[in-house]
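Structure record follows, encoded as structure tokens.
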Amino acid sequence: MGTVEYLVNVALEFLPFHAAAYGTNVTLYFATGLVLDAIQSRYPERRIQKRRRGEIRKWREIRQSLLSLTVTSGCIAAGVFASVKGWTLVAPLPLTWWSAVLMFVVSVIAFDAWFYWGHRLMHSPRLYRFHAEHHQSVAPTVWSTYNDSLVDAFVMQSYYLWIPFLLPIPIEILVLHRLVDHVNGTIGHSGFEFYASPLVRVPSPMVCVTFHDQHHSRFRYNYANFFSFWDRVCGTLHPCYDQEVRRLEKWEEGQEEGDQPGEPRVIPRGASR
């Protein structure tokens, strides 16, 4: 068999993987978005950026998301395909309770590091033009999650392509991680805060919706995904993040009557960018 024929056969074999991944991603995109939209419409007081309406960009974001999801789906499909074909450097661990928990935790931590540094890279002067589309969503919504250029989508999501080559992660756990990442990303872009608590501020590394919303409204803070660890260590955490979470906690407890949740704090003059 010649090289060209071999590559054509591999491509044809890969296509069903990509089609399945794309169909699943698009279905989850609309299902998660519609459910969260319906819930949030009942709690307008929980909107974080009250003076902006990201919904006016909804249809543009949906169109761009359907395009960028071809890349995201290609990355996860390629990772699964390579694992199935036995092309990875290490074989996946047998799926057991201990391997599932271990590989899921390791993968989430590794992805957060990948996302932080990849995100910082996309904010560099030479590459920001590929990330600028995502930041057209200054007040993000559930439809903003995949509002990316194709280059941006590849940089951020190619983790799912490369990690099976480096970690003995079972395919099922890789897919589960991608599912959790989708839900987490959609909630993180939703623009409504339901999760403020001591669990999402110092000393905890966990984050709430306000974390990523501050990134969209202020651009130069809060680059990570699941955790605040890298932002705290590297000095890129929004200076008012913990303070804002505490204020939201008090609002939840009814200790600040008349205060509205999620009103963004003004960055102190001279604060580091």
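The values are calculated or read from the model by the stated rules, or taken from the named source; none is laboratory data. The structure displayed is predicted, hence computed values, not measured ones. Cβ atoms come from the backbone with ideal geometry, glycine included; neighbour counts cover every protein chain shown.
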Yes/no for V80 being within 26 Å of R232 (Cα to Cα), at pLDDT 95 or above and either assigned to a helix (DSSP H, G or I) or not hydrophobic (A, V, I, L, M, F, W, C) (or both): no
Pairs with Cβ under 7 Å, 6+ apart, first in segment 233-252 and part of a helix (DSSP H, G or I), second surrounded by fewer than 19 Cβ atoms within 10 Å (Cβ to Cβ) and hydroxyl-bearing (S, T, Y): E249/S197
Odd one out for T96, checked against (1) hydroxyl-bearing (S, T, Y); (2) over 21 Å from T32 (Cα atoms); (3) in contact with a helix residue (DSSP H, G or I) (Cβ under 9 Å, 6 or more places away or on another chain): (3)
Segment 17-37: number of residues that are without any contact (Cβ under 8 Å) to a residue 40 or more places away in the chain and small (G, A, S): 3
Residue that is surrounded by the fewest Cβ atoms within 10 Å (Cβ to Cβ) [pool: residues in segment 6-27 that are over 19 Å from L176 (Cβ atoms) and of a type in the set (G, A, S)]: A11
Residue match in segment 104-124 (condition: modelled with pLDDT of 95 or more, in contact with an Asp or Glu (Cβ under 9 Å, 6 or more places away or on another chain) and not in a helix (DSSP H, G or I)): no
Leading residue by the ranking (farthest from F30 (Cα to Cα)) among those in segment 142-195 that are of a type in the set (V, I, T) and not in a helix (DSSP H, G or I): I169
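Table: residues versus (1) free of Cβ contacts under 8 Å to residues at least 12 places away in the same chain; (2) acidic (D, E); (3) within 29 Å of I48 (Cα to Cα).
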residue: G86; (1), (2), (3): yes, no, no
residue: L121; (1), (2), (3): no, no, yes
residue: P125; (1), (2), (3): yes, no, yes
residue: D148; (1), (2), (3): no, yes, yes
Failed item, numbered, when P203 is tested on (1) touching a residue at least 60 places away in the same chain (Cβ under 8 Å); (2) not in a helix (DSSP H, G or I): (1)
Residue list for segment 139-180, restricted to those being surrounded by 24 or more Cβ atoms within 10 Å (Cβ to Cβ) and acidic (D, E): D148, D152
Given (1) outside any helix (DSSP H, G or I); (2) surrounded by fewer than 14 Cβ atoms within 10 Å (Cβ to Cβ), index of the condition R52 fails: (2)
Test for V245: is it modelled with pLDDT of 95 or more, more than 18 Å from R120 (Cα to Cα), under 18 Å from the mean Cα position of the chain (by Cα) and of a type in the set (V, I, T): no
